[in-house]
1. Name the residues in the stretch 24-50 that are in contact with a Leu (Cβ under 9 Å, 6 or more places away or on another chain) and of a type in the set (A, V, I, L, M, F, W, C), would you?
2. For the stretch 95-113, state whether one or more residues are free of Cβ contacts under 8 Å to residues at least 60 places away in the same chain, over 14 Å from the mean Cα position of the chain (by Cα), on the phi > 0 side of the Ramachandran plot and in a loop (DSSP other than H, G, I, E, B).
3. Is there any pair with a first residue in the stretch 30-42 that is in contact (Cβ under 8 Å) with a residue 60 or more places away in the chain and a second that is of a type in the set (A, V, I, L, M, F, W, C) and surrounded by fewer than 22 Cβ atoms within 10 Å (Cβ to Cβ) whose Cβ atoms are under 8 Å apart and which are 6 or more apart or on different chains, and what are they?
4. Need pairs with beta-carbon distance below 9 Å; first residue within 18 Å of residue 57 (Cβ to Cβ) and without any contact (Cβ under 8 Å) to a residue 60 or more places away in the chain and within the stretch 8-27, second outside any strand (DSSP E or B) and among the small types (Gly, Ala, Ser); sequence gap 6+ or separate chains.
5. Listed residues 42, 68; which is modelled with pLDDT of 95 or more, within 14 Å of the chain's Cα centre (by Cα) and farther than 21 Å from residue 18 by Cα?
6. Any idea which of 135, 122 is surrounded by 15 or more Cβ atoms within 10 Å (Cβ to Cβ), among the polar types (S, T, N, Q) and in a helix (DSSP H, G or I)?
7. For the stretch 36-50, what are the residues that are crowded, with 20+ Cβ neighbours inside 10 Å and among the hydroxyl-bearing types (Ser, Thr, Tyr)?
8. Go through the stretch 4-29 and count every residue that is in contact with a strand residue (DSSP E or B) (Cβ under 7 Å, 6 or more places away or on another chain) and closer than 22 Å to residue 102 by Cα.
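The values are calculated or read from the model by the stated rules, or taken from the named source; none is laboratory data. All values reported here derive from a predicted model rather than from experimental measurement. FYI the Cβ positions are ideal-geometry reconstructions off the backbone, even for glycines, and counts take in every protein chain you see.
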Amino acid sequence: MELVRGNPGPGGWGTILMWKDNKKELSGGVKETTNNIMEITAVIEGLKTLKFECEVEIYSDSAYVVNAFNNHWIENWKKNNWKTASKEPVKNKELWEELYALTKKHKVTFIKVKGHSDNEYNNRCDELARNAIKNVL
């Protein structure tokens with residue numbers, strides 16, 4: 001989950017890790033960023049927290065992140081030397097490279113959820129992101 005006030009502008013991200021009865025919340029904020037950077041960062045930070053190889057289901061309201069993996073965009077970007085289908089350089093390449101590497105350490109499934117709806121955990125991530133923005137302003 002991510003949240004940016006203005007784009008670019010101050011932004012925050014929130015992630016909830018859950019395993020059995022355990023839950024860990026993570027968040028962070030940046031004074032000047034974009035929504036895409038925060039969307040990718042939320043997933044990176046969650047995966048970086050994992051201490052050993054795991055099966056991971058990533059629920060995100062970011063079509064950008066989910067589609068990059070489920071529609072194999074990221075594989076195509078890599079094959080095309082980090083260029084998009086329109087031959088433009090992929091934005092935030094370093095973040096995508098980091099995220100791609102992290103997904104190779106785990107068995108990852110990306111699942112799209114509707115943003116700003118009745119999903120309890122997505123709403124909590126939004127709250128974490130909003131609070132993180134307050135801490136950087």
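1. Of everything in the stretch 24-50, those that are in contact with a Leu (Cβ under 9 Å, 6 or more places away or on another chain) and of a type in the set (A, V, I, L, M, F, W, C) turn out to be 26, 37, 38, 40, 42, 43, 44, 47, 50.
2. Scanning the stretch 95-113, I find no residue that is free of Cβ contacts under 8 Å to residues at least 60 places away in the same chain, over 14 Å from the mean Cα position of the chain (by Cα), on the phi > 0 side of the Ramachandran plot and in a loop (DSSP other than H, G, I, E, B), so the answer is no.
3. Cβ pairs passing all conditions: 30/37; 30/136; 31/136; 31/137; 38/30.
4. Cβ pairs passing all conditions: 17/46.
5. On the way: 42 fails: farther than 21 Å from residue 18 by Cα.
The match here is 68.
6. Values: 135 fails: surrounded by 15 or more Cβ atoms within 10 Å (Cβ to Cβ).
Only one candidate passes the filter, namely 122.
7. 41, the sole residue that qualifies.
8. Of the residues in the stretch 4-29, 13 are in contact with a strand residue (DSSP E or B) (Cβ under 7 Å, 6 or more places away or on another chain) and closer than 22 Å to residue 102 by Cα.
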